[in-house]
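Written out below as structure tokens is the structure these notes cover.
The values are calculated or read from the model by the stated rules, or taken from the named source; none is laboratory data. This one's a predicted model, so the numbers in the text were calculated from it and none came from an experiment. Glycine gets a Cβ as well: all are built from the backbone with ideal geometry, and neighbour counts include every protein chain shown.
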Amino acid sequence: MPADYDYDLFTIGAGSGGVRASRVAAAHGAKVAVAEEYRVGGTCVIRGCVPKKMLVYGAHFAEDLEDARKFGWTLGECRFDWKALRDNVLADVDRLNGAYTDTLQNHGVEIFHERARITGEHEITLAGGRTVTARYILVATGATPHVPECPGSELGITSNEAFHLDDVPRRVLIAGGGYIANEFAGIFNQFGAHVTIVNRSDLILRQYDESLRDRLLKISVTKGIDFRFHAEFRGIEKTDDGALRVAMTGYDDIEVDCVLFATGRVPNTGGLGLESIGVELGDKGEVKVDRFSRTNRDHVYAVGDCTDRVQLTPVAIREGQAFADTVFGNNPTTVDYDAIPSAVFSHPPMAGVGMTEGEARNKLGTVKVYQSDFRPMKHVLAGRNERSLYKMICDGDNDRIVGLHMIGPEAPEIMQAAAIAVKAGLTKADFDATVALHPTMAEELVLMR
Ligand code: NDP
């Protein structure tokens, strides 16, 4: 590397992708700096997957404590304290923020805790006014919640603020029907709030298999979550008693205490100066990249949500790793986007890998579908009438499993292992040849009809 740049790599954004790329590039011998305007760790660690999962765990106790009586336990008075959970979760986020910072520093990565902007071909200017140069620039600025425009939209919150609420709102309206909407609907519902999901279409979680979506919808309704479909926001206004009155198309107004916008996330690329050096952006503001995460400018790369490929943390991490190995490790590496497993931490959770039944029927000649619709043993004893559904989609020509979908307790945990088999191209016969591990829920995977 020529010595006339301050750094070999300057990364903008210390989230999942940026941290991995910076750390690995430094391990390959590069002189690296990273700028982060908020907190090291990014959305997933600071205000996304990690604290959300802790809230999901906390929420599940509502049903576990109820069920405990059926298992012979006598419980004293049970009371939920939101502030205790919130503060414990936020304290753990602080711990993780420290761990991510340590990781970078232990690898000799310099951290600038301020916003950075590209101001020249190889030049970055920090909010404090300092200007530095770098041979390569990596954009890893993630995504930011999209809030649809409507009068009073500023009265609502997004998932960013949901982790900091003073109390659990008594009545919550969640706009959107995707990941965040269904996950927070489950969390707030279990904490005793009345939840209404309002979505512009009549589909929730449109990328998941229809049978699972239907099952989640049915269970959610049984748990007391209301749904309003084909409803577009007209506006939000504050009433005299501090509540929020929401007007929407096709339905009466509704009064709630909190409106949570969960209407997608858009690439966070505004004001970065990308256009000033001719980096090409797409319609949503996403940084356009090739399979090596390189933009149309040879020395500028981008990884993670800001590229709007697959908005998932483990994918951003892989992209960051591949970038660092390619550019600084002399090992050109691309990311394989085929058969990425994903999960929704709803109540109950669901998980999927590969094609849905609909996709498989559109793409393949013949398709075989196997399923198991069962009541988990724990639910039977607890008297909880909540059924799980596992579904396997096979290519009719060769029996290869092209999709696997599950809704039920621990579905994401089971899916991680099963996804290895799907990724490896195993067949239904391979699953059938495996002896069941009894009694488990996962054994249904090898017993499907
Ligand atoms: P999603 O893309 O999952 O869902 C967005 C929802 O908002 C859809 O129901 C969509 O409706 C609706 N919507 C989109 N735009 C508008 C609009 N302008 N007006 C009204 N409604 C709109 O986004 P989320 O915000 O829930 O999550 C963002 C991303 O974060 C996810 O895509 C996912 O990649 C990631 N994530 C992953 C999680 C996980 O892995 N467990 C958890 C949380 C987030 P329609 O279907 O009609 O388009």
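Data overview
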quantity: Strands (runs of 3 or more DSSP E) (entirely within segment 318-413) containing at least 1 residues that are more than 16 Å from the ligand (Cβ to nearest atom) and without any contact (Cβ under 8 Å) to a residue 40 or more places away in the chain; calculated: 367-374, 388-395
quantity: Which numbered condition A231 misses (of (1) within 13 Å of the ligand (Cβ to nearest atom); (2) under 30 Å from I393 (Cα atoms)); calculated: (2)
quantity: Matching entry among V139, V109, V93, V147 (being of a type in the set (A, V, I, L, M) and more than 24 Å from the chain's Cα centre (by Cα)); calculated: V109
quantity: Criterion: under 16 Å from A247 (Cα atoms) and modelled with pLDDT of 95 or more - qualifying residue of S153, S220; calculated: S153
quantity: Segment 284-295, subset under 28 Å from S153 (Cβ atoms) and in a loop (DSSP other than H, G, I, E, B), residue nearest to the ligand (Cβ to nearest atom); calculated: K284
quantity: Subset of segment 180-224 (residues that are touching a residue at least 40 places away in the same chain (Cβ under 8 Å), farther than 20 Å from E359 by Cα and polar (S, T, N, Q)); calculated: N182, N189, Q190, T196, S220, T222
quantity: Residue, farthest from the ligand (Cβ to nearest atom), within segment 296-317, restricted to residues that are of a type in the set (S, T, N, Q) and touching a residue at least 40 places away in the same chain (Cβ under 8 Å); calculated: T307
quantity: Residues (hydroxyl-bearing (S, T, Y) and touching a Phe, Trp or Tyr at 6+ places or on another chain (Cβ under 9 Å)) located in segment 192-229; calculated: T196, S201, S220
quantity: Residue that is at pLDDT 95 or above, of a type outside the set (A, V, I, L, M) and within 29 Å of F10 (Cβ to Cβ), where the choices are F261, F229, F292; calculated: F292
quantity: Which listed residue is within 18 Å of A140 (Cβ to Cβ), more than 16 Å from the ligand (Cβ to nearest atom), basic (K, R) and assigned to a loop (DSSP other than H, G, I, E, B), from R20, R39; calculated: R39
quantity: Set K428, K423: member being surrounded by 12 or more Cβ atoms within 10 Å (Cβ to Cβ) and closer than 22 Å to P349 by Cβ; calculated: K423
quantity: Given (1) out of contact with any strand residue (DSSP E or B) (no Cβ under 7 Å at 6 or more places or on another chain); (2) closer than 30 Å to Y370 by Cα; (3) part of a helix (DSSP H, G or I), number of the condition I204 does not satisfy; calculated: (3)
quantity: Yes/no for F184 being part of a helix (DSSP H, G or I) and within 14 Å of the ligand (Cβ to nearest atom); calculated: yes
quantity: Given (1) over 26 Å from E410 (Cα atoms); (2) surrounded by fewer than 20 Cβ atoms within 10 Å (Cβ to Cβ); (3) not basic (K, R), index of the condition I12 fails; calculated: (2)
quantity: Qualifying residue in segment 48-62 (condition: within 16 Å of the ligand (Cβ to nearest atom), out of contact with any strand residue (DSSP E or B) (no Cβ under 9 Å at 6 or more places or on another chain) and without any contact (Cβ under 8 Å) to a residue 12 or more places away in the chain); calculated: yes
quantity: Qualifying residues in segment 187-200 (those that are more than 15 Å from the ligand (Cβ to nearest atom) and not in a loop (DSSP other than H, G, I, E, B)) - the one farthest from T158 (Cα to Cα); calculated: Q190
quantity: Test result for R171, in contact (Cβ under 8 Å) with a residue 24 or more places away in the chain and either surrounded by 16 or more Cβ atoms within 10 Å (Cβ to Cβ) or more than 23 Å from C49 (Cα to Cα) (or both); calculated: yes
quantity: Among residues of segment 250-283, those that are within 16 Å of the ligand (Cβ to nearest atom), over 30 Å from E121 (Cβ atoms) and part of a loop (DSSP other than H, G, I, E, B), counted; calculated: 5
quantity: Segments classed as strands (runs of 3 or more DSSP E), wholly inside segment 118-162, with at least 3 members that are hydrophobic (A, V, I, L, M, F, W, C) and crowded, with 21+ Cβ neighbours inside 10 Å; calculated: 131-139
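Condition check ((1) touching an Asp or Glu at 6+ places or on another chain (Cβ under 7 Å); (2) on the phi > 0 side of the Ramachandran plot) across all residues:
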{"site": "V353", "(1), (2)": "no, no"}
{"site": "G358", "(1), (2)": "yes, no"}
{"site": "S388", "(1), (2)": "no, no"}
{"site": "G408", "(1), (2)": "no, yes"}
{"site": "L426", "(1), (2)": "no, no"}
